[in-house]
Every structure is written in structure tokens, then in C-alpha cells.
Amino acid sequence: LARVVLNPRAPRSLSLRLVSTLYWRDLANVAATPSVPASVRSRAESLLRDGLGDMRLGDRVTLARLATPALLPALLAATERQVTESVLANPRLREDDLVAALRREDVTPALVDATVGSPRWATNYAVRLALVLQPRTPLPLALQQISSLVPRDLRRVAEETALRPLVRAAALAVLDGPPGV
């Protein structure tokens, strides 16, 4: 059935009927194949998103590595560190999507920890700023990022009332520079 749906000559109506019968791996292939009609790809992504809660951990980890951009926000909200690490390694993950996930009120500790440990994202400036501005970032991780911020963003951190006083004070201290200079 997956071969029929993936065939560019298959009628869209037939593909739409068959897509709901596919396994998750085939759905991921359909969602990632540009030659498949957009409505069929969208339906495959929707079915994958709806089925995430029923998938085994190993399947979610594998899906996170090859998921399309439409599925990444749902996978970034996962509570398992293995899933978030796999999403962070996904080449389709964009900076804007990760920063938006880090800015959410309900950001998971797994995402924060995996982001700091990610070789790809730990050095990204926008991600570092999002980590500092996230009140749920553990204090040591937030303080670790402060020294890499530019003065404009240090002022922003110092003025952000939702952050811990120590983070705000550290931003002011870095902004003012070392004493005696």
C-alpha cells in the first residue's frame, strides 16, 4: 500500500484513502516525499502527530531523526531525553522552531538539558539567549550562557522580571565588566 501512495501517478483520492492504513514508518516516508501531493503528505503528518502518544519510545526516537518540520514541534515537547536528542540531530530542525520551543511556558527539562548538550545547538547565539530568558532553565545552565551575550541582550536579561534575581544580577555584573577595569 505504501508503494501505491508513494507512486507519483497514483490518484490523489486513492492515496488519501490508503494513507490511513499505513504503518508509522511508511507515513514518515510519505510525509517526506516531495512527489506525493501536498494533501496526502499533510494527512500523513497529521496521522503521525495523532499517533505519537501510542508509539513505543524507540519508534519515537527513530521518527524524531527523520521527521518533517510539521512534526518537530510535537516531538520537541517530548519528556524523554532520547527523543529530544534525536530531534536536535534532525537536519530539518530550524533555529526558529527550537527557539520557539525553548520560549514556551511548558518547556520540558529534557529539551533544555539536551539543547545545552547538543554540539549543533549549544553554540547557536539565539538558542543561548532563549535558554537564558527561559525561567525554567536550571540556574547553573542559565549562568553558564550569560558571558556569551552581547550588551543589548544583557540589558534585556537584567530587565526581565520573570527571571531569577541571580540571573539578572549576573547579567548586570557582566554588563558592567570586571571591577577595577
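The values are calculated or read from the model by the stated rules, or taken from the named source; none is laboratory data. Model, not experiment: these values are computed from the prediction. Every residue, glycine as well, gets a Cβ built from its backbone with ideal geometry; the counts of neighbours run over all protein chains shown. For accessibility, only protein heavy atoms count, side chains too; no ligands or nucleic acids. Shrake-Rupley method; radii C 1.70, N 1.55, O 1.52, S 1.80 Å.
So, ALA78, is that one of a type in the set (A, V, I, L, M) and under 28 Å from GLU45 (Cβ atoms) or not?
yes
State all residues of the range 2-27 that are exposed (fewer than 14 other Cβ atoms within 10 Å of the Cβ) and either of a type in the set (Gly, Ala, Ser) or on the phi > 0 side of the Ramachandran plot (or both); if no residue qualifies, say none.
Within the range 2-27, SER13, SER20 qualify.
Looking only at the range 156-173, decide whether some residue is in a helix (DSSP H, G or I), open to solvent by 60 Å² or more (accessible area, probe 1.4 Å) and among the aliphatic types (A, V, I, L, M).
Yes.
I'm checking my understanding of the structure. Among residues of the range 9-47 that are under 30 Å from GLU80 (Cα atoms) and charged (D, E, K, R), which one is nearest to the chain's Cα centre (by Cα)?
Once the filter is applied, the top-ranked residue is GLU45.
Looking only at the range 140-155, count how many residues are open to solvent by less than 50 Å² (accessible area, probe 1.4 Å) and more than 19 Å from ASP106 (Cβ to Cβ).
6
From SER86, SER42, which residue is hydroxyl-bearing (Ser, Thr, Tyr) and surrounded by fewer than 18 Cβ atoms within 10 Å (Cβ to Cβ)?
SER42
For the range 101-117, which positions are in a loop (DSSP other than H, G, I, E, B) and buried (at least 19 other Cβ atoms within 10 Å of the Cβ)?
Matches in the range 101-117: VAL107, THR108.
Here's a check for you: in the range 48-65, which residue that is open to solvent by less than 40 Å² (accessible area, probe 1.4 Å) and either hydrophobic (A, V, I, L, M, F, W, C) or in contact with a Cys (Cβ under 9 Å, 6 or more places away or on another chain) (or both) is nearest to ARG81 (Cα to Cα)?
That would be VAL61.
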